[in-house]
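One structure is given here, and the rest of the page talks about it.
Taken together, the values in this text are just the output of simple stated rules run on the coordinates, not laboratory data. Quick caveat: nothing in here was measured; it's all calculated off a predicted structure. Cβ placement follows ideal geometry from the backbone for every residue including glycine, while neighbour counts extend to all protein chains displayed.
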Amino acid sequence: MQINWGRMLWTAPAAWLLAGAAWSQGAPAAASVDMGKRLFMRCAACHEAKAGGPAKMGPHLQDLIGRPAGGLPNYGYSAAMKSKKFVWDEAQLHAWLARPTAVVPGTTMAFMGMPDAAERQALIDYMRTLK
């Protein structure tokens, strides 16, 4: 399959409006989840999608939404992350994915951030499927 990136840039805003409309009705659009799955490849070097997968540098991300920050037992979180008292929700994930060091100064996560809000939303939509 050949991807026409120029056309994609022009049609992406409409796709995100549709994805947003689907999200407001309770479920993210399949296109957003698919895009998030592709974006997760950036995360997969350090994070496993499911519990019980191979140990990596970061904690697994299964059931992350609703989990307390630093809340997985037997994972060696940084002192900075352990000191945080919040629960991962969509707003917190947007802030974290945009710039982790702004949310948890002193984090050991080696990720500079994802400035594109649409990409962050797609990644979050995919992460919601990790049950």
By how many nm would the segment from I65 to A79 grow when fully extended, if each residue of separation counts as 0.36 nm and the alpha-carbon distance is taken off? 2.9 nm
Subtracting the Cα-Cα distance of E90 and A110 from 0.36 nm times their residue separation yields 5.1 nm
Cβ under 15 Å from Y75's Cβ, Y75 left aside: what net charge do those residues give with Lys, Arg +1 and Asp, Glu -1? +3
What distance in nm lies between label points placed 7 Å from Cα along the C-beta direction at A102 and K37? 3.1
Explain nothing, just compute: Karplus ³J(HN,Hα) = 6.51 cos²θ - 1.76 cosθ + 1.60, θ = phi - 60°, for every residue of segment 117-124 in order, whole Hz, x for Gly and Pro. 4, 5, 5, 4, 4, 4, 5, 5
